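First up is the structure itself, then whatever we jot down about it.
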Amino acid sequence: MQPHPATPQTLREIRRQLPEPALNLEPPVEALRAEITPVGVFFVRNNGTLPDVAESEGPGWTLSVEGLVSRPFRISLAELRERFEVVELVSVLECAGNGRASIAPAVDGLPWGPGAVGCARWTGFRLADLLAAAGADSGAVYLGFEGADHAIGKPGVQALSRGLPMAKALAPETLLAFAMNGAPLAREHGFPLRVVAPGFPGSAWQKWLTRILVLDREHDGAKMTGLDYRMPRHPLSPGDPLDPAAFEVITDMPVKSLVTEPSAGFQATGPLSVAGFAWSGHVPVAMVEVSADGGSSWHPAQLEAGEGPWAWRRFRAGGLTPPPGPVELLARATDRQGRAQPLLPAWNPRGYLNNAVHRVAGTLLPGGA
Ligand SMILES: Nc1nc2c(c(=O)[nH]1)N[C@H]1C(S)=C(S)[C@@H](COP(=O)(O)O)O[C@H]1N2
Ligand SMILES: [Mo]
């Protein structure tokens, strides 16, 4: 099995534009073989326009912190750097709709394959430090975020205005990042400042951030209400009536894994090896197993440490000896609460949080060792 250390330049063109007017790009799984996903292959999810903040707001870009605060302020990036400590962490960023395309019957939403996920190094300020400087009220329960983008064809209408519960806003891992993988944020990833909320779905990671509202109730901005980025409190079946009151905001991502080697369509002699990454939301990954017989028998994989608690972790397993012929390789991660990835996707009306095991099909050629 050959590793494929492709460079960002050669991989940039192979991201797939999803069938939508907004810029939405998905890399193939083979592009996700590095611990730190290069910016050039990182998935892009835009609900609306792609603002060029450098151009539209120039050096005049500011962030305002307002609402239930005793000292509201408006601040530039240079002033943020002067006033607040700069910290860095590695975290997975995954869209809640990642893997939606394999849910049956089909659901509304972008048809993501398995690639709407990546792991990057984020540099920025602790959101808690800004909230302390603003004197956030002890009765505050939620934040609302606004970004510089707008709905396509509707200037003045926010494309997405999400938020965070106060407890997560104050958590030490929640950042306002100005850099990704050591470089200023790319335009499509939220230049000049975005939210980083490890463990939460990507929808909470507001890009092109311009305004933070401190609130005494759950934020009700664009795509916060209705069925967007929400899960039913109790399982539903296709055709069931949909009552938005029976849905709640997604606040945690499930345990998951991705087989990055070999690639789909592989032809190899045995014994077979499998490698990839495992990650989860707020409950860490405990173990990864692999199967070469459709999930009848499982073999433990070696799990590397990863770059801190929010990064994905590489797994490897070898010595798999299924009979020659067509073979499917499966990986299954389990979290510390004993929750394992299911063999098949669970249906919900918008196809969120599909963490079914990833399968890679290929052929085992006869004549191996
Ligand atoms: N302002 C703004 N922020 C946004 C979005 C958006 O449409 N507008 N999309 C969100 C969603 S749904 C996801 S999954 C992540 C994706 O981040 P990325 O494009 O940097 O990969 O950005 C989030 N932040
Ligand atoms: Mo998303």
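The values are calculated or read from the model by the stated rules, or taken from the named source; none is laboratory data. Quantities reported herein were computed from a predicted structural model and do not represent experimental measurements. For neighbour counting, all protein chains shown are included, and Cβ atoms are generated from backbone atoms with ideal geometry for every residue, glycine included. Surface accessibility is based on the protein's heavy atoms, side chains included, excluding ligands, DNA and RNA. Shrake-Rupley method; radii C 1.70, N 1.55, O 1.52, S 1.80 Å.
Order 203-211, 162-170 from most to least packed using the mean count of other Cβ atoms within 10 Å.
Output ranking for 203-211, 162-170: 203-211, 162-170.
Would you mind checking region 20-47 for residues with the amide N under 12 Å from a putative spin-label position 7 Å along Cα→C-beta of ALA183?
38-42
Taking 0.36 nm per residue of sequence separation and subtracting the Cα-Cα distance, how much length would be gained by fully extending the chain between ALA167 and ALA34, in nm to one decimal?
Residue separation times 0.36 nm, minus the Cα-Cα distance, leaves 44.7 nm.
Rg(Cα) of region 253-345 divided by 2.2 N^0.38 Å?
In units of the 2.2 N^0.38 Å rule of thumb, it is 1.07.
Around ALA106, under 14 Å between beta carbons, what's the net of Lys plus Arg minus Asp minus Glu among the other residues?
+1
Arranged from highest to lowest average of other beta-carbon atoms within 10 Å per residue, in what order do the peptides 176-182, 80-86, 60-66, 273-279 appear?
The peptides rank, most packed first, as 273-279, 176-182, 60-66, 80-86.
Charges only on Cβ, +1 for Lys and Arg, -1 for Asp and Glu: so what's the dipole of region 123-279 about the Cα centre, in debye to the nearest 20?
The calculation lands at about 300 debye.
Please compute one quarter of the surface area of the Cα convex hull for the chain and express it in square nanometres.
Answer in nm², one decimal: 19.0.
Can you check what the net charge comes to around SER91, using other residues whose Cβ is under 11 Å from the Cβ of SER91 (Lys, Arg +1; Asp, Glu -1)?
Local charge sum for SER91: -3.
ARG45: net charge of surrounding residues, Cβ under 15 Å, Lys/Arg +1, Asp/Glu -1, itself excluded?
Counting the neighbours of ARG45, the net charge comes to +3.
Once the principal axes of the Cα atoms of region 209-287 are found, what is the range along each, listed largest first in whole angstroms?
Here the spans come out as 59, 38, 25 Å, largest first.
So how much slack lies between VAL283 and THR363, counting 0.36 nm per residue of separation and subtracting their Cα-Cα distance, in nm?
Once the chain is fully extended between VAL283 and THR363, it gains 25.3 nm.
Return the carbon/sulfur percentage of the accessible area of region 256-365, one whole number, probe 1.4 Å, all protein chains in place.
Using a 1.4 Å probe with all protein chains present, region 256-365 comes out at 53 percent carbon and sulfur.
Taking the Cα-to-Cβ direction at ILE152 and at ALA245 and moving 7 Å from each Cα, how far apart do the two end points lie in nm?
3.5 nm
With each label point set 7 Å from Cα along the Cα-Cβ vector, what nm distance links ARG16 and ARG233?
According to this spin-label approximation, the distance is 3.7 nm.
Roughly how many Å is it from the Cα centre of region 86-139 to that of region 215-284, as a whole number?
Answer, in whole Å: 12.
Please say if region 155-268 is rounded, prolate or oblate, where rounded means a/c under 1.5 for a ≥ b ≥ c the square roots of the C-alpha gyration tensor eigenvalues, and otherwise the choice is prolate for a/b larger than b/c and oblate otherwise?
Oblate.
Pick out, from VAL288, VAL255, VAL141, the residue whose Cα sits farthest towards the positive end of the charge dipole of the chain, with +1 on the Cβ of Lys and Arg and -1 on the Cβ of Asp and Glu.
VAL288
In percent, what relative contact order does region 4-249 have, based on Cα pairs under 8 Å that are 6 or more apart in sequence?
Dividing the mean separation by the residue count of region 4-249 yields 21 percent.
Residues of the chain: accessible area per residue at 1.4 Å, in Å²?
With the other protein chains kept in place, the chain gives 42 Å² per residue.
Using the basic label-point model (7 angstrom from Cα toward the beta carbon), what is the THR62 to THR321 distance in nanometres?
Here the answer is 7.1 nm between the modelled labels.
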